[in-house]
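**Q** Structure in structure tokens, see below.
The values are calculated or read from the model by the stated rules, or taken from the named source; none is laboratory data. It should be emphasised that the depicted structure is a prediction, and the values quoted were computed from it without experimental measurement. Every residue, glycine as well, gets a Cβ built from its backbone with ideal geometry; the counts of neighbours run over all protein chains shown. Just the protein is used for accessible areas: all its heavy atoms, side chains included, with ligands, DNA and RNA removed. Shrake-Rupley method; radii C 1.70, N 1.55, O 1.52, S 1.80 Å.
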Amino acid sequence: QFHTIKYEDLKWDESLGQGSFTRIYKGYRTDIRDGEKHCTEVLLKELDACHKNCWESFFESASLMSQISHKHLLLVYGVSVHGEKNIMVQEFVKYGALDLYLKRGKTVSVSWKLDVAKQLASALNFLEEKNIVHGNICAKNLLLAREGDSSQGISPFIKLSDPGISLAMLGKHVLLDRIPWVAPEVLISSENLTLECDKWSFGATVWEVFNNGNSPLKGYNLKEKRRFYETFQRLPPSQWAELADLINHCMDYQADFRPSCRCIIRQLNSLITSDYEILHSTEPVAQ
Ligand SMILES: N#Cc1ccc(Nc2nc(N)cc(-n3ccc(CO)n3)n2)cc1
């Protein structure tokens, strides 16, 4: 199910921040392959000790990512346990989480954003074909491996990160805080976590990418977030009608009305960047 890595083969470098329940560090892993010593740059994701009852879910997430391989899915080398410490050892992705990259004010073109959306859709299509639910699609879990350079026609390259601790293990407050990424039906029961939920989250993630990493419903408290679903509200629409339609189609409150991945990919490919890009060089910030 997954490779176990000896703790003494790992070396910690700088801290790179924290996710929910986890801390991440740059690190190195030494291993001997065909008689040679290799030292690989890795990302060390440590599960906070206080959530040790979630470690099986943390490792389930690691084994999910280790069992499948796809160019837009993060490579997980394995896990290491050392006393209270549970560590997931991942490939180090050069530019880190996409939400922070976009928030740092990097101006990226519309076609750059569309490339990211298409790559995420192809990763989701791969998971859908294997009937695997990710459960935590969001810009924070999209990692940027290549910045791309539109002047040289080099596209960005993203990798979808591990889903982390499964929604079923999370408390109500954490679920509410994941509005609008978590599909409405999951709030009713985590048994409702299906492939369609990833389509909903895909819509919210595309919204983030086209709003320069701004969090949708930023500043909403949990009560306001709950009301957002109870009153069937929608995210502020993009000026680009075809994009807004795709996002709203993915974020349909009726799970079985959401489009298949193939349909999403077809719609993304039909979005013509030329006219939109000329007309709206920068997407106005959503109110
Ligand atoms: N400054 C900076 C900087 C930070 C991180 C990386 N690299 C990286 N590699 C991974 N495999 C995973 C992650 N993550 C970041 C958030 C999460 C939460 O899921 N993961 N970051 C590169 C540069």
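**Q** Can you name the number of the only condition in (1) more than 13 Å from the ligand (Cβ to nearest atom); (2) farther than 30 Å from residue 222 by Cα; (3) out of contact with any Phe, Trp or Tyr (no Cβ under 9 Å at 6 or more places or on another chain) that residue 158 fails?
**A** (1)
**Q** Out of (1) in a helix (DSSP H, G or I); (2) away from the ligand (no atom under 16 Å from the Cβ); (3) farther than 27 Å from residue 111 by Cα; (4) not basic (Lys, Arg), what's the single condition that is false for residue 219?
**A** (1)
**Q** So which of 100, 75 ends up being within 12 Å of the ligand (Cβ to nearest atom), open to solvent by 20 Å² or more (accessible area, probe 1.4 Å) and closer than 28 Å to residue 173 by Cα?
**A** 100
**Q** If I filter region 28-71 down to residues being free of Cβ contacts under 8 Å to residues at least 24 places away in the same chain and of a type in the set (Gly, Ala, Ser), which single residue comes out as farthest from residue 97 (Cα to Cα)?
**A** 35
**Q** Just name the residue that is nearest to residue 107 (Cα to Cα) out of those in region 147-200 that are in a helix (DSSP H, G or I) and basic (Lys, Arg).
**A** Going through the qualifying residues, I end up with 199.
**Q** Just checking, how many residues over region 166-199 are under 15 Å from residue 132 (Cα atoms) and within 18 Å of the chain's Cα centre (by Cα)?
**A** 9
**Q** Among the residues of region 120-142, how many are assigned to a helix (DSSP H, G or I) and more than 16 Å from the ligand (Cβ to nearest atom)?
**A** Residues flagged as assigned to a helix (DSSP H, G or I) and more than 16 Å from the ligand (Cβ to nearest atom) within region 120-142 amount to 8.
**Q** Still on this model: Could you list, in sequence order, the residues of region 65-110 that are part of a loop (DSSP other than H, G, I, E, B), out of contact with any Leu (no Cβ under 9 Å at 6 or more places or on another chain) and either at positive phi or at pLDDT 95 or above (or both)?
**A** 71, 75, 83, 105
**Q** Can you find, within region 179-215, the residue that is surrounded by the fewest Cβ atoms within 10 Å (Cβ to Cβ) among those that are among the charged types (D, E, K, R) and in contact with a Ser or Thr (Cβ under 9 Å, 6 or more places away or on another chain)?
**A** Residue satisfying both the conditions and the ranking: 185.
**Q** Okay, next question. If we keep just the residues of region 18-39 that are at pLDDT 95 or above and within 9 Å of the ligand (Cβ to nearest atom), which is nearest to residue 176 (Cα to Cα)?
**A** Per the criteria, the residue is 24.
**Q** Still on this model: If residue 87 passes every condition in (1) under 20 Å from the mean Cα position of the chain (by Cα); (2) over 22 Å from residue 124 (Cβ atoms); (3) away from the ligand (no atom under 14 Å from the Cβ) but one, which one does it miss?
**A** Unmet for residue 87, out of (1) under 20 Å from the mean Cα position of the chain (by Cα); (2) over 22 Å from residue 124 (Cβ atoms); (3) away from the ligand (no atom under 14 Å from the Cβ): (3).
**Q** So, one more: Please work out which residue is farthest from residue 194 (Cα to Cα), limiting yourself to region 114-123 and to residues that are open to solvent by 10 Å² or more (accessible area, probe 1.4 Å) and not polar (S, T, N, Q).
**A** 115
**Q** Can I ask one more? Filter region 187-217 down to residues that are among the charged types (D, E, K, R) and over 23 Å from residue 160 (Cβ atoms), then give me how many there are.
**A** Residues flagged as among the charged types (D, E, K, R) and over 23 Å from residue 160 (Cβ atoms) within region 187-217 amount to 1.
**Q** Turning to a different aspect of this structure: Within region 120-141, can you find the residues that are in contact with a strand residue (DSSP E or B) (Cβ under 9 Å, 6 or more places away or on another chain) and β-branched (Val, Ile, Thr)?
**A** 137
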